[in-house]
1. Which of (1) in contact with a strand residue (DSSP E or B) (Cβ under 8 Å, 6 or more places away or on another chain); (2) at pLDDT below 95 is the odd one out, the single condition GLY257 does not satisfy?
2. Here are the criteria: (1) part of a helix (DSSP H, G or I); (2) more than 15 Å from MET306 (Cα to Cα). Tell me which single one ALA237 does not satisfy.
3. I'm checking my understanding of the structure. Among residues of the range 244-287 that are without any contact (Cβ under 8 Å) to a residue 40 or more places away in the chain and either of a type in the set (Asp, Glu) or closer than 17 Å to ASP342 by Cα (or both), which one is most open to solvent (accessible area, probe 1.4 Å)?
4. Within the range 147-163, is even one residue in contact with a Pro (Cβ under 9 Å, 6 or more places away or on another chain), touching a residue at least 40 places away in the same chain (Cβ under 8 Å) and over 21 Å from ALA322 (Cα atoms)?
5. Just to be sure, is VAL74 in contact (Cβ under 8 Å) with a residue 24 or more places away in the chain and either touching a His at 6+ places or on another chain (Cβ under 6 Å) or open to solvent by less than 10 Å² (accessible area, probe 1.4 Å) (or both)?
6. Can you find, within the range 327-371, the residue that is surrounded by the fewest Cβ atoms within 10 Å (Cβ to Cβ) among those that are in a loop (DSSP other than H, G, I, E, B) and aliphatic (A, V, I, L, M)?
7. Go through the range 197-234 and count every residue that is surrounded by fewer than 17 Cβ atoms within 10 Å (Cβ to Cβ) and assigned to a helix (DSSP H, G or I).
8. Looking only at residues in the range 17-71 that are in contact with a Pro (Cβ under 8 Å, 6 or more places away or on another chain) and open to solvent by 20 Å² or more (accessible area, probe 1.4 Å), which one is farthest from ASP104 (Cα to Cα)?
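The values are calculated or read from the model by the stated rules, or taken from the named source; none is laboratory data. These numbers were taken from a predicted model, which means no experiment stands behind them. Note that we place each Cβ from the backbone using ideal geometry, even for glycine, and neighbour counts take in every protein chain shown. The accessibility values were calculated without ligands, DNA or RNA, using every heavy atom of the protein model including side chains. Shrake-Rupley method; radii C 1.70, N 1.55, O 1.52, S 1.80 Å.
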Amino acid sequence: MPGRAAARPAPSDTDDAAIAARTDSYFNRTKRIVARFGDARVTYAVFLRRPVVSAPRLMLDWLRAVAAARGTEVRIDLVHQEGQWVGAGDPLVYITGSFVALSDLETLLLQKLGAACVAAHNAYQMCLELPQVAFLAMEARHCAGAEMQEMMAYAASVGSRAAQQEGARGFIGNANDATAHWFGQKSGYGTMPHALIGYAGSTVRAAEMFHETYPDDPLTVLVDYFGREVTDGLEVARRFPDLAAAGRLAVRLDTHGGRFLEGLDPAESYAVLERHAPGAIRRYRSETELRHLVGTGVSAAAIWRMREALDEAGFPKVRIVASSGFGVGKCRVMAEARAPIDVVGTGSFIPDAWSETYATADIVEYDGVPRVKVGREFLLRRGEARRKDGVGQ
């Protein structure tokens, strides 16, 4: 697969006891029944009910590891290569092998596929909405443990590479070391949390502490802790004029949704957008879109106001990092408002509706004979035309 990251340790959940404990019991019972009455060579079709971007690597790596541990042969016909768009109901992959060897794997296979494909699709869309903006994956804190953290980082990297094929900058890295390899990095990016500013007692002092400890690193400073985004941002720029002039200083806007950025209110937010992107505000908007444009938190107006203040003070090379709820919809609104964002930090490619991530598998062939439950005939193979760029392994 293109863009493959460095090899990772083999999955740990490949022994039979671990699989039996985690899979659905009817699959364990099916395995015993088939072993008693005679094995069959079956083919599974695996699909999702919504459009996604193919992100099968974690699932396929695990499947291959299990097959190796069991000493069984599994054929994988990948209909959609990693990073390709997949339509609703279109099989991503056909998996063929011993029914005894495969029957208890379905639960875990689906766990490792569906959410990754949806998250990859979200990341892909986000990157395309803001093609000139670099993205930083900050999903780890929202994940339910290490396995999900790995899955979501992988998914973001897949969606990013797909968008990069269409000219977007995409994700340049992430915020932790463990999953940085998916983005071609050795370590995660990041400078300071709000806690460091609280500890330092002022935004400028936190920036000084960071720079003294990491003098060779670019400096990104959170500026919303004291509710003085503009004031503190300019004070930091004046404190580090060399970094500002060299483009190695950035301010990060993370204003929460309970208040406006310093100096803004509804009327002033409208005025800011009228100065810079009047077309974005003049058509009918949903309540959510209006909030992204002129509401509280990190709105398009807030970003434009920060850019205005920096430029007026003589700091045109100080970059703006924006975070807080940057999903597909917010990225689309920011693009329409031409918001001057340099980097978006986000974990909002994590699926919102978990029910949309449910992958499904159905057996479509038994010993070479096509057979599937009524209503799923669309999963049957349709000759070579069905295998778009498919590969057999």
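1. (1)
2. (2)
3. So the residue we want is GLU287.
4. Checking the range 147-163: at least one residue is in contact with a Pro (Cβ under 9 Å, 6 or more places away or on another chain), touching a residue at least 40 places away in the same chain (Cβ under 8 Å) and over 21 Å from ALA322 (Cα atoms).
5. no
6. ALA353
7. Residues that pass the stated criteria total 8.
8. Taking the candidates together, the pick is ASP61.
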